[in-house]
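The values are calculated or read from the model by the stated rules, or taken from the named source; none is laboratory data. Because the structure is a prediction, the values reported are computed rather than measured. Glycine also receives a Cβ, built like all others from the backbone with ideal geometry; neighbour counts cover every protein chain displayed.
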Amino acid sequence: MTNSIGELQGADVLLVTGSNTTETHPQIARNILEGVDRGAKLIVIDPRKTELARQAHVHLALRPGTDIALVNGIMRSIIDENLADDLFISMRTEQYEKLRDYLFRLNLDEIAAITGIGLSTIRKAAKIYARSSNAVICYCLGVTQHTCGTDNVQAVANLAMLTGNIEKAYGGVDPLRGQNNVQGACDMAALPAVLPGYQGLDNIDARRRFQQVWNCDIPQTPGLSLTEMTHSGAEGDIRAMYIMGENPVLSDPHLKRVETTLKQLDFLAVSDIFLTETAALAHVVFPAASFAEKGGTITNSERRVQLCRKAIPPIGKCRADGHIIMELGRRLNCPGMDFTSNAEIMEEISLLTPIYGGMHYDRLEENWGLQWPCWNRDHPGTKFLHKHNFTRGKGQFTITRHREPAETVETKYPFTLVTGRGSYHHYHTATMTRNSRRLVREYPEALLEINEKDSRALQLQPGEPVEVHSRRGSVRVKTVVTDRVQPGTVFTSFHFWEVPINQLTVDAMDSRSKCPEFKVCSVNIKKVSHA
Amino acid sequence: MRDVMTICNYCGCGCGVYLKVHNNTVIGSYPSRHHPISRGNLCSKGWHLHEFVHSSNRLTQPLLRKSGSLTPVSWEEALDYTAKALLTAKEQTGADSIGILSSAKCTNEENYLLQKLARAGLGTNNIDHCARL
């Protein structure tokens with residue numbers, strides 16, 4: 001997030017796109033709704049009528065996979081209304097003219113036809129967004145999990161720069177991070193192409209510093225991404241894997257391929273708190289300590305590095321993952337694997353990672369942590385980003401063009417399946433929530449959301465199970481009739497192993513971000529025949 | 001009875017949560033009133049954050065696959081076996097034949113250590129996590 005979470009309630013306009021915020025980020029949704037209570041306008045872009053969409057002043061229920069066309073339409077309407085922030089554009093950005101010329105060539109009626117949203121609604125949203133002095137855009141995986149995910153994000157950035165809604169307390173572009181420490185895992189370079197703090201593998205100065213402190217060489221070629229590893233297949237290059245606290249056998253697209261890949265490995269080690277579907281395939285399983293049994297820091301969506309404290313000793317013979325890694329490191333002769341405390345590890349992190357330069361445990365103990373970039377011990381942390389200039393200098397406008405998703409509906413597969421987190425009470429592959437008695441009680445099984453019109457056409461009884469088929473597989477799942485989804489679209493979650501919906505999903509991904517297209521997959525729905 | 005301040009383990013909001021601890025058992029979770037995000041509030045997952053910690057389904061000992069089935073072993077045996085298998089893979093098929101998945105559920109320190117192990121210990125940049133899922 002370029003902003004802090006608390007700043008959301010001070011914005012005049014909140015544009016939420018591809019995020020079911022009330023269910024997936026309840027406390028962020030609370031800030032959004034507090035803003036609305038104070039008079040802010042809420043625009044929601046989502047094919048589903050989510051709870052937040054019901055509260056919105058304008059709900060743009062677009063056809064799945066047409067975000068770029070919609071945002072281009074909004075930007076064109078803003079320029080037509082003469083509402084672009086010319087001062088911001090001239091001082092802080094470059095290549096605006098190219099984008100403007102492209103937008104002028106667009107046919108707005110065509111955009112209405114592509115997105116399925118009336119032109120007057122697009123114009124209304126554009127006026128609300130551009131007329132405000134402080135507008136925030138929140139987006140989540142509904143924007144990124146497309147084959148055109150990177151361009152979707154670029155389109156959102158174009159929109160914010162066009163109206164000068166960046167670089168300030170109550171305006172910005174805010175990706176909401178899904179897991180408690182997905183921000184930190186990225187910051188710490190659990191990524192194939194960077195070193196901690198997003199320092200490039202080809203950054204000579206950074207490499208030298210790491211090699212000095214680590215006292216060894218660092219490989220220079222970027223590694224494989226998660227989906228490239230888990231989809232490498234039987235003939236793949238990956239022969240051994242170590243998986244810490246993840247469950248790709250349920251969470252990754254096109255599951256049959258993931259299973260094939262993991263089963264043919266010469267060696268698979270998994271460290272987790274439960275025997276997940278992935279751990280069940282492993283040669284070695286390490287029992288990991290849960291969050292309550294260890295200390296350390298995690299970094300939230302607003303870049304706030306916070307201390308977690310150990311509440312109880314590890315149960316049974318469990319050990320913290322940090323401990324397990326160091327034990328393995330010593331056996332593999334990895335240099336510098338003899339830390340005695342988390343604080344000591346953080347000292348090495350702050351030494352090598354400029355944006356974490358001032359993160360020291362004694363400082364984190366005070367207040368409520370620190371937001372990066374925090375360059376040194378005296379730096380107070382950063383509430384919002386890009387105050388005087390962007391990371392690359394000037395903000396660059398880039399033309400983004402609509403293109404159809406990898407799979408489009410056809411006679412054999414006439415429905416569009418959208419997947420995501422499906423409930424306030426569950427989380428991802430539900431290894432934790434399904435071990436919480438009360439959460440299971442609230443939402444015990446997977447449900448496929450289907451519109452009443454489609455349900456009637458299929459002659460379904462309330463709750464009747466159906467078979468959902470895609471080109472890659474099929475699952476059986478109970479239905480729930482709801483107006484949350486439009487006719488022609490169905491939605492379900494990937495929480496339940498009994499309904500491994502990712503057997504159906506497409507493994508096509510964005511060529512740059514490697515983010516799979518979870519939000520659009522063509523399926524057919526059949527009544528379950530009674531034998 | 002003790003109250004331990006920590007951060008919720010579910011989503012990226014990062015709410016401040018107190019864990020109520022009695023006899024080394026976490027028996028409840030409730031929000032910090034002054035934490036900038038939670039401000040005295042939690043969602044249903046946060047209020048039940050402690051429930052899975054003592055689930056009877058928790059893994060409690062290292063397991064090693066012996067003649068087809070996962071069998072309890074000592075830490076030493078599990079760690080030695082893993083280190084040897086990773087070294088064998090590195091020697092026989094090269095460091096880039098090893099893939100490491102880190103976790104958005106683990107701490108910064110653990111993620112830092114694991115990428116260090118991959119890069120400095122094994123010599124590969126094949127490390128990633130679920131940021132895209």
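Using the structure shown, decide if A:ASP217 is touching a Phe, Trp or Tyr at 6+ places or on another chain (Cβ under 9 Å) and at pLDDT 90 or above.
When the stated conditions are applied, A:ASP217 does not pass them.
Across segment B:27-49, the qualifying residues are those that are within 7 Å of another protein chain (Cβ to nearest Cβ) and closer than 22 Å to A:GLU442 by Cα, and the one among them that is surrounded by the fewest Cβ atoms within 10 Å (Cβ to Cβ) is B:ASN41. Of the residues in segment B:18-31, not one is under 19 Å from the mean Cα position of the chain (by Cα), outside any strand (DSSP E or B) and outside the structural domain of B:ASN126 (by TED's automatic domain parsing). Given the structure, is A:LEU460 in contact with an Asp or Glu (Cβ under 9 Å, 6 or more places away or on another chain), within 30 Å of B:PRO36 (Cβ to Cβ) and not assigned by TED's automatic domain parsing to the domain that holds A:ALA61? Spelling it out, it is not the case that A:LEU460 is in contact with an Asp or Glu (Cβ under 9 Å, 6 or more places away or on another chain), within 30 Å of B:PRO36 (Cβ to Cβ) and not assigned by TED's automatic domain parsing to the domain that holds A:ALA61. The residues of segment A:449-478 that are touching a helix residue (DSSP H, G or I) at 6+ places or on another chain (Cβ under 9 Å) and touching a residue at least 24 places away in the same chain (Cβ under 8 Å), listed by number, are A:LEU460, A:GLU464, A:VAL468, A:SER470, A:ARG472, A:GLY473, A:SER474, A:VAL475, A:VAL477.
The listed residues are A:ILE312, A:ILE273, and the only one of them that is of a type outside the set (Lys, Arg) and either in contact with an Asp or Glu (Cβ under 6 Å, 6 or more places away or on another chain) or surrounded by fewer than 24 Cβ atoms within 10 Å (Cβ to Cβ) (or both) turns out to be A:ILE312. Would you point out the residue of segment A:241-261, among those that are assigned to a helix (DSSP H, G or I), under 22 Å from the mean Cα position of the chain (by Cα) and not hydrophobic (A, V, I, L, M, F, W, C), that is nearest to the other protein chains (Cβ to nearest Cβ)? The residue in question is A:SER251.
Selection of strands (runs of 3 or more DSSP E) fully inside segment A:276-362 by the criterion of at least 3 residues being among the β-branched types (Val, Ile, Thr) returns A:296-299. How about segment A:1-48: which of its residues are of a type in the set (D, E, K, R) and within 14 Å of another protein chain (Cβ to nearest Cβ)? Of everything in segment A:1-48, those that are of a type in the set (D, E, K, R) and within 14 Å of another protein chain (Cβ to nearest Cβ) turn out to be A:GLU7, A:GLU23, A:ARG30, A:GLU34. Of all residues in segment B:54-111, those being over 30 Å from A:PRO222 (Cβ atoms), among the basic types (Lys, Arg) and facing chain A (nearest Cβ under 7 Å) number 2. Does any residue of segment A:203-226 turn out to be within 26 Å of A:GLY18 (Cβ to Cβ), under 18 Å from the mean Cα position of the chain (by Cα) and more than 7 Å from chain B (Cβ to nearest Cβ)? Within segment A:203-226 (the criterion being within 26 Å of A:GLY18 (Cβ to Cβ), under 18 Å from the mean Cα position of the chain (by Cα) and more than 7 Å from chain B (Cβ to nearest Cβ)), the answer is no, since none of the residues qualifies.
Would you call A:VAL16 part of a strand (DSSP E or B), without any contact (Cβ under 8 Å) to a residue 60 or more places away in the chain and under 23 Å from the mean Cα position of the chain (by Cα)?
So A:VAL16 does not fit the description; no.
Could you tell me which residue of segment A:115-131 is farthest from A:LEU42 (Cα to Cα), considering only residues that are in a helix (DSSP H, G or I) and either outside the structural domain of A:ALA11 (by TED's automatic domain parsing) or of a type outside the set (A, V, I, L, M) (or both)? It comes out as A:THR115. Please work out which residue is surrounded by the fewest Cβ atoms within 10 Å (Cβ to Cβ), limiting yourself to segment B:116-133 and to residues that are out of contact with any strand residue (DSSP E or B) (no Cβ under 8 Å at 6 or more places or on another chain) and under 19 Å from A:HIS323 (Cβ atoms). Filtering segment B:116-133 for residues that are out of contact with any strand residue (DSSP E or B) (no Cβ under 8 Å at 6 or more places or on another chain) and under 19 Å from A:HIS323 (Cβ atoms), the one surrounded by the fewest Cβ atoms within 10 Å (Cβ to Cβ) comes out as B:ALA120. Of the residues making up segment B:30-53, at least one is touching a Gly at 6+ places or on another chain (Cβ under 7 Å) and of a type in the set (S, T, N, Q).
A single member of A:ALA11, A:ALA69 is of a type in the set (A, V, I, L, M), at pLDDT 95 or above and outside the structural domain of A:ASN300 (by TED's automatic domain parsing), and it is A:ALA69. For segment B:1-17, taking the residues that are at the interface with chain A (Cβ under 9 Å from one of its Cβ atoms) and in a loop (DSSP other than H, G, I, E, B), the one that is surrounded by the most Cβ atoms within 10 Å (Cβ to Cβ) is identified as B:GLY14. If you go through segment A:290-309 and keep only what is aliphatic (A, V, I, L, M) and surrounded by fewer than 24 Cβ atoms within 10 Å (Cβ to Cβ), you end up with just A:LEU307.
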